[in-house]
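FYI, it's all coordinate maths here, none of it is from the lab. What you see is a predicted model; the values in this text were computed from it and never measured. Every residue, glycine among them, receives a Cβ derived from its backbone with ideal geometry; neighbour counts consider all protein chains shown.
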Amino acid sequence: MENLDLKNIKPYGDTLNDGIIQMSFTLPVPPSGKSKEAAKLYLEKIGYTNVYITTMERAGENFSFFVAYARHNTSINFEEIDVPEIEVKIRSMKEIDSLIEKHFKRALRVVGACTGSDAHSVGIDAIMNMKGYSGDYGLERYKQIDAYNLGAQVKNIDLILYAKQVKADAILVSQIVTQKNIHIQNATDFIKKAEELGVIKDTILILGGPRVDHKFALSLGFHAGFGPGSKPSTVANFIFEEKLKRETV
Ligand code: B12
C-alpha cells in the first residue's frame, strides 16, 4: 500500500494514518449535556483531539454509556513487534486420526476442565464435546483421541491427578472469569501444582479462554494458549504436532 510506513502505523478511520479510533466507555453519572461534555473532556485530557461523542445512553441507574470517535497522534512500530503464534497445519479430523494412528499406534489421551471457582463450562465444551463449535467437531469425536471432559469448577489438583491416572498426553485448562485477575492466579497455581506433581515435562499443557493468547499462556509456563473463537481442530492439530515433535527429539 502506498504511503504505508510499517515503522509508524496508526489506526485507520476515514483515511490512511488519520489516527481515528472508535471507542466505548461508561461514566458513573446519568445522561445529560454535562455528562456528554465530561466524556469529551475526558478523552481530550488523555490526549485525543477531534472528539465526537456519537452515542450517549443510560446504562443502569446513574451510569451513561458513550461511543466516541476521536483522533490520536500516537503511532506504533509494527516491525519491532515479536509475538509467538501457534502455527499448525490445519488438517481434517480424518487426517489427524490417521496420522495419530500411524505415528503413535494408539489414541492420544486428553483431559480438560474449567478450573477453580469458574463455572463457565461452554468454552471447554466447545473444544471437547462431540458436537464441537462453529461447525468444527470436538475432540470427543476423534477416533484417535480419548477425551475426558471433567466439566467446570474442578480443582487444579483434581484435574492433574486425573490426568496422571489416565496417563494423559495433554491437559486442557479453561479460564473464563478474569475479574481481579483470578484467571492468572488460578493458571499460575495450576502450573505450580503440575510442577510439584511432575507432569510439566511429559504432558502438553494448554490454557484457553477469552482473555488468553499464546504469548500470555507461554509466559505462565503453559505450552500453548488459545483465545476467543478457537476451534477444536486447531487444538487437535496442535496436540498432534507437539506430541510428534517431542517424540522425535
Ligand atoms: C453463559 C455465561 C454464564 C453461564 C455459564 C453457563 C455454563 N455452563 O458455562 C452462567 C449463567 C452460569 C454464568 C455465571 C457467571 N458469569 Co458468566 N457469562 C456467560 C456468557 C454470557 C457467555 C460465556 C460463553 O459461554 N461463551 C461462549 C464460549 C464458546 O466462548 P468462550 O468461553 O470464550 O470459549 C471459547 C474460547 O475462549 C476458547 N476456550 C475457552 N476455554 C478454553 C480452553 C482450552 C483448553 C482451549 C484450547 C480453548 C478454550 O475456545 C472457546 C471456543 O472458541 C459470558 C458473556 C459473553 N458473551 O461471553 C458471561 C461472562 C463470562 N460471565 C461473567 C460473570 C461475571 C459471571 C458471574 C461471576 C456472574 C455472577 N455475578 O454471578 C457468574 C460466574 C460464576 C462462577 N462461579 O464462575 C463475566 C465475566 C467477566 C470477567 N471479566 O471475568 C462475563 C464476560 C459477562 C460480563 N460481561 O460481565 N455465566
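Would you tally the net charge around residue 64, using a Cβ to Cβ cut-off of less than 9 Å, leaving residue 64 out, and scoring K and R as +1, D and E as -1? Summing Lys/Arg as +1 and Asp/Glu as -1 gives +1. Annotation: lysines with alpha-carbon distance below 26 angstrom to residue 94 (same-chain offsets under eight excluded): 102, 105, 131, 143, 167, 231, 243, 245. For region 134-189, a Kirkwood radius taken over Cα pairs fed into Stokes-Einstein (37 °C, viscosity 0.692 mPa s) yields D = 251 µm²/s.
Cβ crowding within 10 Å, taken as a proxy for footprinting-reagent exposure, orders 64, 219 from fewest neighbours to most as 219, 64.
Between 0 and 90 degrees, the angle of helix 93-104 with respect to the longest Cα principal axis of the chain falls at about 50 degrees.
Over the chain, dividing the summed -39,500 (n - 2.57) contributions of all DSSP H runs of at least 4 residues by the number of residues returns a 222 nm mean residue ellipticity of -10000 deg cm²/dmol. Going by the alpha-carbon gyration tensor, a ≥ b ≥ c the square roots of its eigenvalues, is the chain rounded (a/c under 1.5) or, if a/c is not under 1.5, prolate (a/b greater than b/c) versus oblate? The shape class here is prolate. DSSP bridge analysis restricted to the chain gives an antiparallel fraction near 45%, rounded to the nearest 5. Distances between placed amide hydrogens fall under 5 Å for residue 109 paired with 146, 169, 170, all partners being 5 or more residues away or on another chain. Give me the net charge of residue 78's neighbourhood, meaning all other residues with Cβ under 10 Å from the Cβ of residue 78; Lys, Arg count +1, Asp, Glu -1. Combined, the nearby Lys, Arg, Asp and Glu give -2.
Here the 3J(HN,Hα) profile of region 231-244, calculated from phi with Karplus coefficients 6.51, -1.76 and 1.60 at θ = phi - 60°, is 10, x, 5, 5, 5, 4, 5, 4, 4, 4, 5, 5, 5, 4 Hz, Gly and Pro shown as x. Using Cβ point charges alone (K and R +1, D and E -1), the dipole size of the chain about the Cα centre works out to roughly 580 debye. Taking all C-alpha pairs of region 142-249, those more than 20 Å from each other amount to 37 percent. Computed 3J(HN,Hα) for region 209-226, one whole-Hz value per residue from the Karplus formula 6.51 cos²θ - 1.76 cosθ + 1.60 where θ = phi - 60°, is x, x, 9, 9, 9, 4, 4, 4, 5, 4, 5, 8, x, 7, 8, 6, x, 10, glycine and proline marked x. Couplings 3J(HN,Hα) for region 52-64, derived from phi with the Karplus relation 6.51 cos²θ - 1.76 cosθ + 1.60 (θ = phi - 60°), are 10, 8, 9, 9, 9, 10, 5, 10, x, 5, 6, 10, 10 Hz, where x marks Gly and Pro.
Applying D = kT/(6 pi eta Rh) to region 20-78, where Rh is the Kirkwood radius over alpha-carbon pairs, T corresponds to 20 °C and eta to 1.002 mPa s, the Stokes-Einstein value obtained is 182 µm²/s. Under 5 Å between amide hydrogens, built in the peptide plane, is the criterion, and for residue 118 it picks out 153 among residues at least 5 positions away or on other chains.
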